[in-house]
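Here is the structure we will look at, set down as structure tokens.
The values are calculated or read from the model by the stated rules, or taken from the named source; none is laboratory data. Keep in mind that what you see is a predicted model, and the values were worked out from it rather than measured. Cβ sites come from the backbone with ideal geometry, for glycine too, and all protein chains shown count toward neighbours.
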Amino acid sequence: MAYDLVLKGGRVIDPSQGIDRVADVAFAGGRVAALGLGLGGTQERDCAGFIVTPGLIDLHTHVYWGGTSLGVEVDAYARQSAVTTSVDTGSAGPGNFPGFRAHVIERARARVLVYLHVSFAGIYAFSPTIMVGESHDMRLMAAREAVAVAKANPDCIIGIKVRVGRHASGPSGIQPLDVALDVADATGLPLMVHIDEPPPTYADVVDRLRKGDVLTHCFRPFPNAPCHADGTIRASVLAARARGVLFDIGHGMGSFSWDTAHKMVGAGFWPDTISSDVHAMCIQGPAWDLLRTMTKFLALGLTLDEVVARATVNAASALRRPELGTLAVGAVGDASVIALEDRAIDLEDVLGEVVSHPLQLTAKGMVMGGAWEAAGE
């Protein structure tokens, strides 16, 4: 049988199926059609020496380019990092979501899923010169509007977002989180919460989260780190994980430190998902993209299979989209082709500390909806 497209001879790593072996991956009708050897297709791509994974999911991005000051162009980002699904986390709120949908989501080649911000205007003032936390003013907390917009767009809105902390919510403290929890309850959707410097404290935030909710920026530096100075993990963090709260990296420009990371993994606490929090102010460093962030976790000691899992099947589970993050026959026809290059790289955190690693992950191409797209084109 001739398939539409076959990725030939790559090292297929699909943690959703426990696969790590050389194989061909075939696509037909926009879906995964077969996995095996000797498969033939109308179009074939030689992937020998490369790694083929389910389509990478970046669980924390900002891709409302042109509609918000922090947005990056989603298809360019996809080609840069072999990311087939970018999950925008709060760039848009109910007041400006229609523009996001019409001008970005529906026009993009890459898939865009959304955590809708509970703030009416989303993250509207985030730049090198203007920085106004959208959660400072409780008048912007648009609970009714957020519920209505989320219910009207179930194909792409997969959760609710809120940002709290000294910078994001200032005098409003933790109150925006309480509004967001109410919206999440009314819609039946999970919540993703940003945390920055206190107040509120890390404990204040995670104590309110429910099973399936996501705490992003989970390896952020002091103050409001998830661990004490001696490296022991805060009791509130352990209790949250025990009840099913998910912990996401969300690197960004201020939310990943090597010191915190070494303490957390030294205590046996690994993130559930790895994401970049890519936006206009960190795409040229320190975050860069998802593959650079994934490389940091290779440097911390995760195996390649474990790193891939946190950007595929684990992320799909957090999104409640089991058709993503897998190369199972019949699944959505997305795949990422990457390389683990024997080339040293300096990996900086948000405080300027650099860790060198002898290997790095790079993008070679991807399949979206069964169609090939080369990296960097």
(message) Scan region 38-45 and tell me whether some residue there is assigned to a loop (DSSP other than H, G, I, E, B), on the phi > 0 side of the Ramachandran plot and free of Cβ contacts under 8 Å to residues at least 24 places away in the same chain.
(response) yes
(request) Take the residues in region 109-132 that are of a type in the set (A, V, I, L, M) and surrounded by fewer than 18 Cβ atoms within 10 Å (Cβ to Cβ), then tell me which one is nearest to residue 370 (Cα to Cα). (result) 121
(message) List pairs: first residue in region 1-26 and more than 12 Å from residue 51 (Cβ to Cβ), second residue of a type in the set (S, T, N, Q) and modelled with pLDDT under 95 anywhere in the structure, Cβ distance under 8 angstrom, at least six positions apart or on different chains.
(response) none
(message) Given the options 168, 229, name the one that is free of Cβ contacts under 8 Å to residues at least 12 places away in the same chain and either touching a Lys or Arg at 6+ places or on another chain (Cβ under 9 Å) or part of a loop (DSSP other than H, G, I, E, B) (or both).
(response) 229
(request) Only residues that are in contact with an Asp or Glu (Cβ under 8 Å, 6 or more places away or on another chain), of a type in the set (Gly, Ala, Ser) and closer than 28 Å to residue 299 by Cβ: list them for region 320-362, please. (result) 356
(request) Count, please, the residues in region 281-298 that happen to be in contact with a His (Cβ under 6 Å, 6 or more places away or on another chain) and closer than 17 Å to residue 339 by Cβ. (result) 1
(request) Quick one: count up the residues across region 296-306 that are touching a strand residue (DSSP E or B) at 6+ places or on another chain (Cβ under 9 Å) and either surrounded by 23 or more Cβ atoms within 10 Å (Cβ to Cβ) or acidic (Asp, Glu) (or both). (result) 2
(message) Which condition from (1) in a helix (DSSP H, G or I); (2) buried (at least 17 other Cβ atoms within 10 Å of the Cβ) is the one that residue 151 breaks?
(response) (2)
(request) From (1) surrounded by 20 or more Cβ atoms within 10 Å (Cβ to Cβ); (2) of a type in the set (A, V, I, L, M); (3) in the same structural domain as residue 334 (by TED's automatic domain parsing), pick out the condition that doesn't hold for residue 28. (result) (1)
(message) Considering only residues that are surrounded by 24 or more Cβ atoms within 10 Å (Cβ to Cβ) and polar (S, T, N, Q), which ones fall in region 322-350?
(response) 336
(request) Go through the residues of region 308-325 one by one and say whether even a single one is of a type in the set (Gly, Ala, Ser), within 20 Å of residue 36 (Cα to Cα) and either in contact with a Ser or Thr (Cβ under 7 Å, 6 or more places away or on another chain) or assigned to a loop (DSSP other than H, G, I, E, B) (or both). (result) yes
